[in-house]
Amino acid sequence: MSLTRDDCAARDRKDPLAPLREQFELPHGVIYLDGNSLGVLPRETPARVAQVIAQEWGADLIRSWNSAGWMTLPQRIGDKIARLVGAGAGELVVADATSINLYKVLAAALAMQQADAPGRTVIVSERSNFPTDLYIADSLAQQHGCRLELLEPEELLPRLQGPHGADVALLMLTHVNYRTGRMHDMAALTAAAHAAGATAVWDLAHSAGAVAVDLHAANADFAVGCGYKYLNGGPGAPAFVWAHPRHADRFRQPLSGWIGHAAPFEFTPDYRPAPGIARYLCGTPPILSMAALECGVDTVLAAEPLGGMAALRSKSLEMTRLFADLVESRCAGHGLRVVSPRDDALRGSQVCLARDDGAYAIVQALIGRGVIGDFRAPDVLRFGFTPLYLRFVDVWDAVEQLHQVVASGEWCDARFAARAAVT
């Protein structure tokens, strides 16, 4: 293709989102294409966490549960995330990990289905869904006398339509697939699930803060999501959980902890679930990590005056399209295949490449050059694009480094072959 690095620099000069990059501490000499695994540190986070430690904890001690609003952090940050995913105020809370929240909503959704339609015994999901989602769904299926059925993306709609869907209790999907970046049509699949009499549960781990999500417009039933990827909340940041208001008060979730009680400081031996989404809380909020998460969420909300998620999505699509085009032109003949959808409507904010051999070593060689992506077994090189802090010249330079790694055979060096604990 005829595009040059200067053309990419010109795009950066015209980019209305470019000032948002200043919100982050980006290491010098690093092109970070792994925000879909761990977001970059916001500049405000260290000072905010230090304030919580030194003042709110150190000086004010237990008084900060009231004076600093610690007790309402799950709702306060939840309302901020709600603005990014098409949920209403008071409908979403921050709590626990994505896996735990998924357990909660799947259990509640199965209880609803078994009360309304006990003959439905199938949980449908995508074969390449994130493994923890499948493990939890399979565990719950066994507990509830159901079975988990795994399908390819193109098989999902036919499975739900007509008489084929009569036995389906739940549809559980990750909105953007972690391995390929393929994005499901949430509205269409939710509508098909409802037409079949099933409940739709969505994992937004690779969506929230990266692509436009409108849970209400899609008429979704439940959703969970991650705080440490595109929301920049830090390693192990708390996750979030949402239930459509029509469901929020129907069932108790199975992890009925004291913070989810209607009146936690009455300390009664009997459990009365809090109204609405607050019943999906369980244990004491982790204040330090929540403070960090709020800083990360604020970096995404900073895009609102500049066009919000629509503007972020537009830049993301430009970057992922550019990356795929450059890989196909600059790295042709080196065995790399773009496996993410080229259709914008089907692609999240990542581009995945596959290679029959050497994929892990190529990623390690790139990391050695300061281009950070990651590897997913057995053969995927994965690159995430966070438009808040990435530039178009970063896209150009990343592909140039990839070209040099594969063209020179640098990846064949033995030092890139040994597998680390995290890939």
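A short reminder: the numbers here are calculations on the coordinates, not readings from a lab. None of the values given here were measured: they were computed from a predicted structure. Heads up, the Cβs are rebuilt from the backbone with ideal geometry, glycines too, and the neighbour counts pull from every protein chain shown.
Worth pointing out:
- Options ILE77, LEU390, LEU160, ranked by Cα towards positive dipole end of the chain, top entry (Cβ charges): ILE77
- Taken about its Cα centre, the range 258-314 carries a charge dipole of about 160 debye when Lys and Arg each add +1 at the Cβ and Asp and Glu each add -1 at the Cβ.
- Highest GNM mean-square fluctuation among HIS144, HIS28, HIS184, for the chain modelled with Cα contacts below 10 Å: HIS28.
- Put simply, when 385-391, 85-91 are sorted by average Cβ atoms within 10 angstrom per residue, most first, you get 385-391, 85-91.
- Residues of the range 192-222 with amide N under 18 Å of the 7 Å Cα→Cβ point at ALA310: 209-218
- Between ALA421 and ALA115, the modelled label-to-label distance comes to 4.3 nm, taking each label 7 Å out from Cα in the direction of the beta carbon.
- Relative to the Cα centre, the charge distribution of the chain, modelled as +1 at Lys and Arg Cβ and -1 at Asp and Glu Cβ, gives a dipole magnitude of about 220 debye.
- Largest GNM mean-square fluctuation across GLY227, GLY145, GLY35, computed for the chain with C-alpha springs under 10 Å, falls on GLY145.
- Gain upon complete extension [ARG246, ALA263; 0.36 nm per residue less C-alpha separation]: 3.9 nm
- Using the Karplus relation 6.51 cos²θ - 1.76 cosθ + 1.60 with θ = phi - 60°, the per-residue 3J(HN,Hα) values for the range 88-101 come to x, 4, x, 9, 9, 10, 8, 6, 6, 10, 4, 4, 5, 5 Hz, with x marking Gly and Pro.
- DSSP-defined beta bridges in the chain - what % are antiparallel, rounded to 5: 55
- 3J(HN,Hα) couplings calculated from phi for the range 308-325 with the Karplus curve 6.51 cos²θ - 1.76 cosθ + 1.60 (θ = phi - 60°) are, in sequence order, x, 5, 5, 5, 4, 5, 4, 5, 4, 5, 4, 5, 5, 5, 4, 4, 4, 4 Hz; Gly and Pro show x.
- Relative intensity, log₁₀ I(q)/I(0), of the range 199-248 from a Debye sum that treats every alpha carbon as a point, q = 0.32 Å⁻¹: -1.22
- The phi torsions of the range 378-389, fed into the Karplus equation with coefficients 6.51, -1.76 and 1.60 and a -60° offset, translate into couplings of x, 8, 9, 9, 10, 10, x, 10, 9, x, 4, 10 Hz, rounded to whole numbers, with Gly and Pro shown as x.
- Structure-derived Cα extents along the principal axes in Å - corresponding label in (i) 67, 62, 41; (ii) 51, 49, 46; (iii) 75, 48, 37: (i)
- Extreme residue, positive dipole direction of the chain, given options PRO341, ALA198, LEU33 (C-beta unit charges): ALA198
- Charges were assigned to the Cβ only: +1 to each Lys and Arg, -1 to each Asp and Glu. The resulting dipole of the range 57-188 about its Cα centre is roughly 340 debye.
- Approximate shape of the range 69-301 as ellipsoid semi-axes (Cα gyration tensor, √5λ), whole Å, largest first: 28, 21, 14
- Sorted by Cβ neighbour density within 10 Å, fewest at the top, the residues ARG252, ARG127: ARG127, ARG252
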